[in-house]
Structures are given as C-alpha cells and as structure tokens.
Amino acid sequence: MSQKDFGPIAADYAFFMQSATEAEADMESHLVEIRLRFGDTRPICLLDVGCGEGHFLSELLQRFRIPATQLSLQLVEPVPEHLATARQRLREFSTESIRDWSGIEQVPTGSCDIILLNHSGYYVEDPGRLIEQVVAATRSQGMCIFALADGQNALIKLWKMGFGSAGLPVPYWTADDYRAILKERRLDFIEKTVPYEIRFPDVPENRLRLLRFLFADHLEKLDTEFLLSAFDNDRRDGQVLIPTVSTHFIVRN
Ligand SMILES: C[S@@+](CC[C@H](N)C(=O)[O-])C[C@H]1O[C@@H](n2cnc3c(N)ncnc32)[C@H](O)[C@@H]1O
C-alpha cells in the first residue's frame with residue numbers, strides 16, 4: 001500500500017472539491033464534535049495530517065473562531081509545494097509559528113488536542129501503525145477525527161470496479177479497514193455517516209477528471225472507456241448526480 005501523489009492531480013482534485021458537497025458536510029460534522037469537547041477558550045493544539053493546500057482547515061478555523069493566541073498548529077503533508085501553500089494560508093490563525101513534520105511518527109507524544117485526518121487515511125502505508133501514532137500524539141481529553149469512505153461510498157465502489165476489472169487489488173485503505181482496526185484494538189470511538197453529493201455537467205472531460213483524481217497514475221493500467229461508462233446510470237438532465245456518504249470515526253483519548 002503506497003501513498004498517492006497529489007501533486008500531478010491537483011487540478012483534478014480541485015475539480016472534485018468544486019463538484020462535491022463533501023467538504024461542507026465534513027466540516028459541519030467536525031465542528032459539532034470539536035465544539036462539544038472544546039467549546040471554551042482553552043488553548044488548543046491542532047494537527048492536520050494530510051492537510052493538502054490548507055483549504056479545508058482554513059475554512060474550518062474561520063468558522064471555529066478560536067483566538068489566534070489560543071491556537072497552535074502542526075501539519076503533515078507529503079507534497080512540499082502544497083505544504084508551503086498551507087503554511088501561508090494558515091498563518092493568520094495562530095500567533096505561534098506553525099510546525100510541520102514529514103510524518104506522524106515525528107509528532108511528540110501527547111502534544112495535540114485535536115488530530116484531524118480529513119480523507120487522507122486512504123493513502124498511508126499502515127493504518128494500524130498510523131492509529132497507534134495518532135493516539136500516542138493525542139493529549140488526555142483530546143480527540144482524533146478520521147473522515148474516510150467505506151464500501152457503500154460511490155467512489156470506493158469505483159475503486160473496486162476499476163482495479164477489480166484489471167485483476168488488481170485496491171492499493172488504498174478504506175473506512176472498512178479502519179473500523180476493523182479500531183474495533184480490534186478496543187479503542188473508544190464513535191462512527192458517523194455523513195451524506196453528501198457529487199454533481200457536475202456531464203461531458204466526457206469531467207468524467208475523466210473525476211477518474212484522474214480517483215486513480216491518479218494507476219489510470220493508464222485500467223480500462224478507461226469502461227470506467228467512463230460507469231457514470232451512465234448517474235445522468236440527470238445533462239448532469240452527473242451522485243448522492244453518497246462519508247464515514248467519520250471520532251476517537252477519544
Ligand atoms: C483527499 S486529499 C485531502 C486534503 C485535505 N485534508 C482536505 O480535506 O481537503 C488527501 C491528502 O492526503 C495527503 N497524503 C497522501 N499520502 C499521505 C500520507 N502517507 N500521509 C499523510 N498525508 C498523505 C495528500 O497529499 C493529500 O493532501
């Protein structure tokens with residue numbers, strides 16, 4: 001299992017983000033959980049693992065409205081240019097300088113109140129080790145939020161269909177893997193199903209953009225024509241419309 005390089009597919013990922021209500025739905029849900037536990041104005045250290053260019057976290061912090069003097073930020077992001085952009089974008093939210101790490105294993109034990117993995121857990125080497133490291137990096141009374149998708153999600157179904165039709169295993173993890181590990185380790189967690197939709201004008205280039213975001217450099221090994229036709233059943237008045245869900249795990253320390 002290897003990580004996916006988001007550098008070359010940045011424009012396709014941006015297309016998906018514009019076409020989906022996923023981020024809005026995730027954010028609403030995360031804010032409910034964060035406010036439940038951190039409603040007062042005590043200082044908070046937040047780590048975002050797989051922060052991308054920082055769009056999601058900056059929008060979340062704008063809505064959370066914690067004073068910049070009360071917040072410290074830590075980031076993990078494997079694409080160096082995206083990390084640099086995220087650092088710039090997030091500067092205004094903390095009076096402390098932002099720390100970044102090349103991996104979660106470097107984050108000091110018990111240093112974070114909130115650890116966010118918003119749709120990044122698919123791409124790690126070993127989710128069991130990741131969960132261990134995330135739990136170790138969380139302070140007592142802190143929380144980790146994993147936003148992922150499981151086998152009922154339309155995009156995970158496309159992964160299974162695309163890789164399966166080429167006789168390949170899906171090279172990414174899903175919420176089903178995380179759920180099994182969290183249960184096996186008897187961690188204290190809650191699970192939420194968060195609905196969202198994907199909608200875009202139905203032209204071949206848009207279907208292809210979604211496939212490039214999903215499959216990245218694997219797409220050349222797959223049957224693209226077959227995968228393009230997978231959207232036929234989702235056509236509605238010149239649009240592709242896909243109602244689906246994310247799966248969130250909130251692990252409490
Ligand atoms: C789907 S994007 C999500 C970005 C951001 N969290 C958001 O919600 O907009 C997945 C992110 O995970 C990052 N990523 C890929 N492999 C990773 C790994 N092994 N560890 C941490 N992040 C990783 C990617 O570079 C990308 O920024």
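The values are calculated or read from the model by the stated rules, or taken from the named source; none is laboratory data. Computed from a prediction, not measured in an experiment: that's the story for all the values here. FYI the Cβ positions are ideal-geometry reconstructions off the backbone, even for glycines, and counts take in every protein chain you see.
Any residue at all in region 12-21 that is more than 19 Å from residue 130 (Cβ to Cβ), part of a loop (DSSP other than H, G, I, E, B), at pLDDT below 95 and not basic (Lys, Arg)? Before you say what the answer is, go through the steps one by one.
Step one: filter region 12-21 for residues more than 19 Å from residue 130 (Cβ to Cβ), giving 12-21.
Still in the list and also part of a loop (DSSP other than H, G, I, E, B): 21.
Now narrow it down to the ones that are at pLDDT below 95: none.
No: zero hits.
For region 222-232, check the following and say yes or no: at least one residue is in contact with a Pro (Cβ under 9 Å, 6 or more places away or on another chain) and surrounded by 14 or more Cβ atoms within 10 Å (Cβ to Cβ).
So in region 222-232, the residues in contact with a Pro (Cβ under 9 Å, 6 or more places away or on another chain) come out as 228.
Next, from what is left, pick out any that are surrounded by 14 or more Cβ atoms within 10 Å (Cβ to Cβ): 228.
Within region 222-232 (the criterion being in contact with a Pro (Cβ under 9 Å, 6 or more places away or on another chain) and surrounded by 14 or more Cβ atoms within 10 Å (Cβ to Cβ)), the answer is yes, since at least one residue qualifies.
Take residue 90 and decide whether it is buried (at least 18 other Cβ atoms within 10 Å of the Cβ), more than 26 Å from residue 192 (Cα to Cα), away from the ligand (no atom under 11 Å from the Cβ) and at pLDDT 95 or above.
Values: buried (at least 18 other Cβ atoms within 10 Å of the Cβ): yes; more than 26 Å from residue 192 (Cα to Cα): yes; away from the ligand (no atom under 11 Å from the Cβ): yes; at pLDDT 95 or above: yes.
So residue 90 passes the test.
Report every pair of residues separated by at least 6 positions or lying on different chains whose Cβ atoms are under 6 Å apart, first residue within region 46-61 and over 19 Å from residue 124 (Cα atoms), second near the ligand (Cβ under 8 Å from one of its atoms) and at pLDDT 95 or above.
If the second residue must be near the ligand (Cβ under 8 Å from one of its atoms) and at pLDDT 95 or above, the pairs left are 56/23; 56/118; 57/48; 57/51.
May I ask you to verify whether residue 151 is within 23 Å of residue 248 (Cβ to Cβ) and of a type in the set (Gly, Ala, Ser)? Please lay out each step first, then the result.
Values: within 23 Å of residue 248 (Cβ to Cβ): yes; of a type in the set (Gly, Ala, Ser): yes.
The answer is yes for residue 151.
Just the residues that are in contact (Cβ under 8 Å) with a residue 60 or more places away in the chain and either polar (S, T, N, Q) or in contact with a Gly (Cβ under 7 Å, 6 or more places away or on another chain) (or both), please, taken from region 106-122. Steps first, please.
Keep residues of region 106-122 that are in contact (Cβ under 8 Å) with a residue 60 or more places away in the chain, which gives 107, 111-122.
Result: 111, 112, 113, 114, 117, 118, 120.
Considering 113, 177, which residue is of a type in the set (Asp, Glu) and more than 15 Å from the ligand (Cβ to nearest atom)?
Details: 177 fails: more than 15 Å from the ligand (Cβ to nearest atom).
113 is the lone residue from the list that is of a type in the set (Asp, Glu) and more than 15 Å from the ligand (Cβ to nearest atom).
For the structure I just gave you, tell me whether residue 209 is in contact with a strand residue (DSSP E or B) (Cβ under 9 Å, 6 or more places away or on another chain) and within 30 Å of residue 39 (Cα to Cα). Write out each step before concluding.
Details: in contact with a strand residue (DSSP E or B) (Cβ under 9 Å, 6 or more places away or on another chain): yes; within 30 Å of residue 39 (Cα to Cα): no.
Taking the combined requirement at face value, the residue does not satisfy it.
Quick check on residue 88: is it under 17 Å from the mean Cα position of the chain (by Cα), closer than 27 Å to residue 8 by Cα and without any contact (Cβ under 8 Å) to a residue 60 or more places away in the chain? Explain how you work it out, then say what you get.
Working: under 17 Å from the mean Cα position of the chain (by Cα): no; closer than 27 Å to residue 8 by Cα: yes; without any contact (Cβ under 8 Å) to a residue 60 or more places away in the chain: yes.
The answer is no for residue 88.
Could you list, in sequence order, the residues of region 137-176 that are in a helix (DSSP H, G or I), buried (at least 18 other Cβ atoms within 10 Å of the Cβ), in contact (Cβ under 8 Å) with a residue 40 or more places away in the chain and under 19 Å from the mean Cα position of the chain (by Cα)?
Here is the first cut: in region 137-176, the ones in a helix (DSSP H, G or I) are 137, 154-165, 175-176.
Next, only the ones that are buried (at least 18 other Cβ atoms within 10 Å of the Cβ) stay: 137, 155-156, 158-159, 162-163, 175.
Now drop any that are not in contact (Cβ under 8 Å) with a residue 40 or more places away in the chain, which leaves 137, 155, 158-159, 162-163, 175.
Passing the criteria: 137, 155, 158, 159, 175.
Just need a number here: residues in region 6-19 that are under 14 Å from the mean Cα position of the chain (by Cα), surrounded by fewer than 17 Cβ atoms within 10 Å (Cβ to Cβ) and near the ligand (Cβ under 9 Å from one of its atoms). Before the answer, list the steps.
First, pick out the residues of region 6-19 that are under 14 Å from the mean Cα position of the chain (by Cα): 6, 13-14, 16-17.
Subset that is surrounded by fewer than 17 Cβ atoms within 10 Å (Cβ to Cβ): 14, 17.
Next, only the ones that are near the ligand (Cβ under 9 Å from one of its atoms) stay: 17.
Qualifying residue count for the region: 1.
Just to verify a result, which residue in region 29-58, among those that are part of a helix (DSSP H, G or I) and within 9 Å of the ligand (Cβ to nearest atom), is nearest to the chain's Cα centre (by Cα)? It would help to see each step written out before you state the result.
Within region 29-58, the first condition is being part of a helix (DSSP H, G or I), and the residues that meet it are 29-37, 55-58.
Right, trim to within 9 Å of the ligand (Cβ to nearest atom) and you get 55-57.
Details: 55: 12, 56: 9, 57: 11 Å.
Going through the qualifying residues, I end up with 56.
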